[in-house]
1. Restricted to segment 101-127, and to residues that are outside any loop (DSSP other than H, G, I, E, B) and open to solvent by 60 Å² or more (accessible area, probe 1.4 Å), which residue is farthest from GLY38 (Cα to Cα)?
2. Filter segment 25-47 down to residues that are small (Gly, Ala, Ser), open to solvent by less than 60 Å² (accessible area, probe 1.4 Å) and assigned to a loop (DSSP other than H, G, I, E, B), then give me how many there are.
3. Somewhere in segment 187-198, is a residue among the acidic types (Asp, Glu), at pLDDT 85 or above and under 27 Å from the mean Cα position of the chain (by Cα)?
4. Residue check, ALA98 against (1) at pLDDT 95 or above; (2) surrounded by 15 or more Cβ atoms within 10 Å (Cβ to Cβ); (3) small (Gly, Ala, Ser), all met but one. Which one?
5. Taking the stated definitions as given, is GLY9 within 29 Å of the chain's Cα centre (by Cα) and either in a helix (DSSP H, G or I) or free of Cβ contacts under 8 Å to residues at least 12 places away in the same chain (or both)?
6. Quick check on my filter: what residues within segment 65-81 are open to solvent by 40 Å² or more (accessible area, probe 1.4 Å) and outside any strand (DSSP E or B)?
7. Looking for whichever is polar (S, T, N, Q), over 25 Å from the mean Cα position of the chain (by Cα) and modelled with pLDDT under 90 here; the options are ASN210, ASN203. Which one fits?
8. Give the residues of segment 12-24 that are charged (D, E, K, R) and assigned to a helix (DSSP H, G or I), sorted by residue number.
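The values are calculated or read from the model by the stated rules, or taken from the named source; none is laboratory data. It should be emphasised that the depicted structure is a prediction, and the values quoted were computed from it without experimental measurement. Cβ placement follows ideal geometry from the backbone for every residue including glycine, while neighbour counts extend to all protein chains displayed. Side chains included, ligands, DNA and RNA excluded: accessible areas come from the protein's heavy atoms. Shrake-Rupley method; radii C 1.70, N 1.55, O 1.52, S 1.80 Å.
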Amino acid sequence: DVLTTLNFGPNTKHHPAFHRLRSFQGHGPLVNSEFYPGWLDHWGEPHQCKTAELVTSEFSSMLSSEMGKIFVNFYMFFGGTNFGFYNGANMNNEPKYAPDPTSYDYDAPLTECGDTTEKYYAIRQLIKKLRPQLIDESIMVGIKNSTKKSYGKVKFSQMVRFTSLKNIATKKLSKTSLLTFEDLQQDYGYVLYEKIVDNSEPNALLDIQNPRDMAYVFADDIYVGKIYRAENEKLKGTYIQKNFTIS
């Protein structure tokens, strides 16, 4: 049999969740395969936090449940980092597009940089109380959080101007239709598109349908604005003249 597990955080009570599972799966283990001690962040939103008290309250309830043995897996127990362009995004309904930052700290019991937290020790004490055989005190001897230092001011000494990008492009193509990243086998990063426009309306509205995910717009190598997927806005201005190059 392929058995179903549940995913839920401390805001959800386990009794109704697992009773619903039992209504269509009458046998098998009770497993919370993703118990959320925190949550992921999105750009433009406050850092997501869940208190140690909230997390340990429902965790304790599951470990001592009258429903029987419940197996609990934390997601995430250890915060992490999505390097480069691997941060990703969440999507509900258009135009709600919520990109994630590089940090995946998650307000986890162990932080992104590996520090222990109040939440970590609260979870550990609870396990020691209810499942003492699982705790090895010796592994915590000498454990302490790392010392943090400030970088101070960082001065950038190198840059690349937009007008130089065409000289360092790794691949150049000339096509009559717009190619997507998938068409170009470009997994992530940037693509520079250019088109010579013959326009008769000097106050035209630029509408890039469904950009994925942000387009910086230049007219004759002069920056005029951006079109961002999450904002679902169009770009209007007097910069559009006859016979200009849009990038």
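1. So, considering only residues that are outside any loop (DSSP other than H, G, I, E, B) and open to solvent by 60 Å² or more (accessible area, probe 1.4 Å), the one farthest from GLY38 (Cα to Cα) is GLN125.
2. Qualifying residue count for the region: 2.
3. Yes; the residues of segment 187-198 include at least one that is among the acidic types (Asp, Glu), at pLDDT 85 or above and under 27 Å from the mean Cα position of the chain (by Cα).
4. The failed condition is (1).
5. So GLY9 does not fit the description; no.
6. GLU66, MET67, LYS69, TYR75, MET76, PHE77 - these are the residues of segment 65-81 that are open to solvent by 40 Å² or more (accessible area, probe 1.4 Å) and outside any strand (DSSP E or B).
7. After applying the criteria, what remains is ASN203.
8. Those that are charged (D, E, K, R) and assigned to a helix (DSSP H, G or I): ARG20, ARG22.
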